[in-house]
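Undergrad: Encoded as structure tokens, here's the structure I'll be asking about.
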Amino acid sequence: MSSQSKGRSHDEKECDLRTAFQRDRDKILHCQSFRRLKHKTQVFISPVEDHYRTRLTHTIEVSQIARTIARALVLNEDLTEAIALGHDLGHTPFGHAGEFVLDDILKESYGRHFYHNEQSVRIVEVLERDGRGLNLTYEVIDGIRNHTPDDPWPETLEGCIVRYADRIAFLRHDIEDAISAGVFTARNLPRKRMSVLGDNILDTIIHDMVKQSKGKDKVKLSGPVQKAMDGLYDFMYKNVYTNPVAKHEEKKVPMLLKQLFRHFHYSQEFQQGFKTENEQIQHTIDFISGMTDRFAISKFEQLFVPDEWRTNA
């Protein structure tokens, strides 16, 4: 439960009441990028109904799961929570669909890539607080950067917990949302996997992880639970994440984001004051990726959909 940190980029006066990781958690919780997550897609594009998850509620569920595991393993809850709350700050509008489109734009035209975890790090290091960044601790930034499956594992056990908790959370709540949306029913879930995970997926996975990891220097699951979890993800990938019915609105995302990117990147008013092309491109990336679903849709309508002519009464 050590609260010792390798430090921050810039020294700060210590707080009499809060540890360094508590302060990081609070900085993230009160920043603008965190608030914008409430209108960013989790799975279903810009849901009108109140009960579907957004990127914000997903983040809160990741935090809850991760803190439960950290407490049971006697690890640092504040560090765990700070990483969880910050892990998706860099997500684009329209979830992973938006991320893939932005990555395609950059690959095709500029030889660059876009990854939401790297953008999350850019937000906390550079963009927040009018360009000053949040000046977070090394451990929190490491956990945010390395939370996706393609990254190296984080240096802390708390960061590893968040990486697992992210996957656990979206598996569980995406199943619930898919059933609510009528994409499939509970009867369609793979029996072989559910016989291992049971009716309460969270309870099974969390208890297994605590049992397998207690007193160890590695966070892990047992073989059967890991296999069941991976099998359930494969089912969700085929039946939800790439389902043409569940994802039919995503086909509109590429045209919308490409039009917005092109407009703002070449807008003289928007792009004044940059010394290099790379600075100009990065500014456009930051602006587009920071949009919420509804802001992107509203901007597109404002710029590209003609207003109806109305005669003054």
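Undergrad: Taking interchain pairs and intrachain pairs at least six residues apart, which have beta carbon atoms under 9 angstrom, with the first residue in the stretch 186-210 and touching a residue at least 24 places away in the same chain (Cβ under 8 Å) and the second outside any helix (DSSP H, G or I) and charged (D, E, K, R)?
TA: MET209/LYS220
Undergrad: Related question: From the list PRO244, PRO254, PRO306, which one is closer than 18 Å to PHE100 by Cβ and outside any helix (DSSP H, G or I)? Spell out how you get there, then give the answer.
TA: Details: PRO254 fails: outside any helix (DSSP H, G or I); PRO306 fails: closer than 18 Å to PHE100 by Cβ.
Testing whether each residue is closer than 18 Å to PHE100 by Cβ and outside any helix (DSSP H, G or I) leaves just PRO244.
Undergrad: A further question follows. If you go through the stretch 22-33 one residue at a time, do you hit one that is in contact with a Phe, Trp or Tyr (Cβ under 8 Å, 6 or more places away or on another chain) and in a helix (DSSP H, G or I)? Walk me through how you get there before you give the answer.
TA: So in the stretch 22-33, the residues in contact with a Phe, Trp or Tyr (Cβ under 8 Å, 6 or more places away or on another chain) come out as 28.
The next check asks that each one be in a helix (DSSP H, G or I); those that pass are 28.
Within the stretch 22-33, one or more residues are in contact with a Phe, Trp or Tyr (Cβ under 8 Å, 6 or more places away or on another chain) and in a helix (DSSP H, G or I).
Undergrad: I'm checking my understanding of the structure. Among residues of the stretch 1-44 that are surrounded by fewer than 20 Cβ atoms within 10 Å (Cβ to Cβ) and of a type in the set (Asp, Glu), which one is farthest from VAL121 (Cα to Cα)?
TA: Step by step, filter the stretch 1-44, then rank; the result is ASP16.
Undergrad: Also, I was wondering about something else. Could you please let me know if GLU158 is surrounded by fewer than 16 Cβ atoms within 10 Å (Cβ to Cβ) and either closer than 28 Å to PHE21 by Cα or among the charged types (D, E, K, R) (or both)?
TA: On the way: surrounded by fewer than 16 Cβ atoms within 10 Å (Cβ to Cβ): no; either closer than 28 Å to PHE21 by Cα or among the charged types (D, E, K, R) (or both): yes.
The answer is no for GLU158.
Undergrad: Just name the residue that is surrounded by the fewest Cβ atoms within 10 Å (Cβ to Cβ) out of those in the stretch 54-80 that are touching a strand residue (DSSP E or B) at 6+ places or on another chain (Cβ under 9 Å) and not in a strand (DSSP E or B).
TA: Residues of the stretch 54-80 that are touching a strand residue (DSSP E or B) at 6+ places or on another chain (Cβ under 9 Å), as a first pass: 54-55, 79.
Still in the list and also not in a strand (DSSP E or B): 55, 79.
Working: ARG55: 23, LEU79: 31.
Selected residue: ARG55.
Undergrad: Next question, about the same structure. Can you tell me which of ARG67, ARG53 is out of contact with any Lys or Arg (no Cβ under 9 Å at 6 or more places or on another chain), modelled with pLDDT under 95 and of a type outside the set (A, V, I, L, M)?
TA: Details: ARG67 fails: modelled with pLDDT under 95.
The unique qualifying residue is ARG53.
Undergrad: Say we look at the stretch 161-218 and pick out the residues that are outside any helix (DSSP H, G or I) and of a type in the set (D, E, K, R); which of these is surrounded by the fewest Cβ atoms within 10 Å (Cβ to Cβ)?
TA: Keep residues of the stretch 161-218 that are outside any helix (DSSP H, G or I), which gives 181-185, 189-190, 198-200, 214-218.
Narrowing the set further to residues that are of a type in the set (D, E, K, R) leaves 199, 214, 216-218.
Numbers: ASP199: 8, LYS214: 10, LYS216: 10, ASP217: 6, LYS218: 9.
Going through the qualifying residues, I end up with ASP217.
The values are calculated or read from the model by the stated rules, or taken from the named source; none is laboratory data. None of the values given here were measured: they were computed from a predicted structure. Here the Cβ is made from the backbone with ideal geometry for all residues, glycine too, and neighbour counts use every protein chain on show.
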